1. Scanning segment 42-74 for residues that are closer than 30 Å to Ser181 by Cβ and surrounded by fewer than 16 Cβ atoms within 10 Å (Cβ to Cβ), which turns out modelled with the lowest pLDDT?
2. Can you report the number of residues in segment 120-144 which are among the aliphatic types (A, V, I, L, M) and within 22 Å of Glu202 (Cα to Cα)?
3. Here is a list of conditions, (1) of a type in the set (A, V, I, L, M, F, W, C); (2) assigned to a strand (DSSP E or B); (3) modelled with pLDDT of 95 or more, and Val102 meets all of them except one; can you say which number that is?
4. Can you tell me which condition Ser182 does not meet? The list is (1) part of a helix (DSSP H, G or I); (2) out of contact with any Asp or Glu (no Cβ under 7 Å at 6 or more places or on another chain); (3) surrounded by fewer than 19 Cβ atoms within 10 Å (Cβ to Cβ), and all the others hold.
5. How about segment 189-222: which of its residues are surrounded by fewer than 17 Cβ atoms within 10 Å (Cβ to Cβ), of a type in the set (S, T, N, Q) and under 24 Å from Arg71 (Cα atoms)?
6. Exactly one of (1) closer than 25 Å to Phe70 by Cβ; (2) at pLDDT below 95 is unmet by Tyr225. Its number?
7. Within segment 228-239, is there a residue that is over 25 Å from Phe70 (Cβ atoms) and in contact (Cβ under 8 Å) with a residue 40 or more places away in the chain?
8. Mind checking whether some residue in segment 101-109 is farther than 30 Å from Ile222 by Cβ and crowded, with 16+ Cβ neighbours inside 10 Å?
Amino acid sequence: MCLNLSKTQLSDNFKKSHLINGFDIIGDIAIIKINSTNRSQQSKIGQEILSQFSNINSVFLQKGQVSGKFRTKTLSYLAGKNRTSTIYRESGCQFLIDVSQVYFSPRLSHERLRIANLVNSGENILNMFAGIGSFSIIIAKNQPNCKIIDVEINPHAHFLANENYKLNKVSDIVESILGDSSKIIKTRYSKHFSRILMPLPENSIDFLEDALFALKSPGGWIHLYTHIISEKNHSVLSKATKKLNLLLDNRGIVTNSRIVKQIGPNSYQIVLDIEVDFS
């Protein structure tokens with residue numbers, strides 16, 4: 001069973017009294033955001049979380065947002081075991097993760113399974129920003145009659161992805177390539193794939209032309225994740241859909257869009273499912 005705790009499992013009173021404004025569980029590690037710079041108070045909050053949740057063995061404070069080329073978190077140890085590696089379980093799969101070295105979000109669990117359920121037998125799939133391999137492993141376990149190429153630029157994530165393929169017995173289905181996805185596509189994968197995943201919301205749109213270059217004729221699917229700012233919740237998806245359809249320039253159309261999560265005031269991470277038709 002997955003050891004996730006959602007925000008709703010921390011009472012509002014607990015969060016308010018402890019100044020907590022962010023709370024994620026990855027395996028047996030809790031990562032929290034606190035509106036306090038008092039180190040003694042932060043450590044006490046970490047100890048209290050340990051005492052309240054038996055499935056948590058380590059508590060870390062996240063400072064700021066994910067940043068850098070590899071989208072990693074800056075973490076400060078608060079309580080419990082001072083280690084950053086853990087096993088996270090989701091959708092019948094298990095993942096070795098080092099929360100200090102790679103990007104991973106347990107809040108994408110629904111999205112990972114949703115994509116897996118869309119894949120048909122015999123597909124060739126590319127994940128342009130694969131991380132530790134979570135999207136692809138869940139796809140491979142759900143639809144073993146497919147082939148998946150994972151590209152990842154972070155060497156730590158690349159290493160963990162290969163460990164996770166072995167852990168989940170999908171090494172014959174998924175292959176991980178270390179490098180820049182744009183360069184790899186241009187040198188190896190012209191018109192090769194039936195489905196492409198682009199889970200890099202910070203700037204995936206910059207790589208849309210690369211994805212289209214890698215998609216085989218007469219077309220296929222692209223799942224593009226992006227961030228968008230909108231003052232009105234109901235206009236988020238229509239605004240993003242209009243922008244993508246203009247960029248596609250009659251080569252495809254957004255057939256489905258959904259808000260994956262809210263990431264800040266008037267700021268959302270969304271996914272756009274694009275059906276591409278080159279004919």
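The values are calculated or read from the model by the stated rules, or taken from the named source; none is laboratory data. Treat the numbers as computed from the prediction; the structure is a model and nothing was measured. A quick note on method: Cβ atoms are made from the backbone with ideal geometry, for glycine too, and the neighbour counts reach across all protein chains shown.
1. Selected residue: Gly64.
2. Count: 5.
3. Condition not satisfied by Val102: (2).
4. Evaluating Ser182 over (1) part of a helix (DSSP H, G or I); (2) out of contact with any Asp or Glu (no Cβ under 7 Å at 6 or more places or on another chain); (3) surrounded by fewer than 19 Cβ atoms within 10 Å (Cβ to Cβ) leaves (2) as the failure.
5. Asn203
6. Just one mismatch for Tyr225, condition (2).
7. Within segment 228-239, none of the residues are over 25 Å from Phe70 (Cβ atoms) and in contact (Cβ under 8 Å) with a residue 40 or more places away in the chain.
8. no
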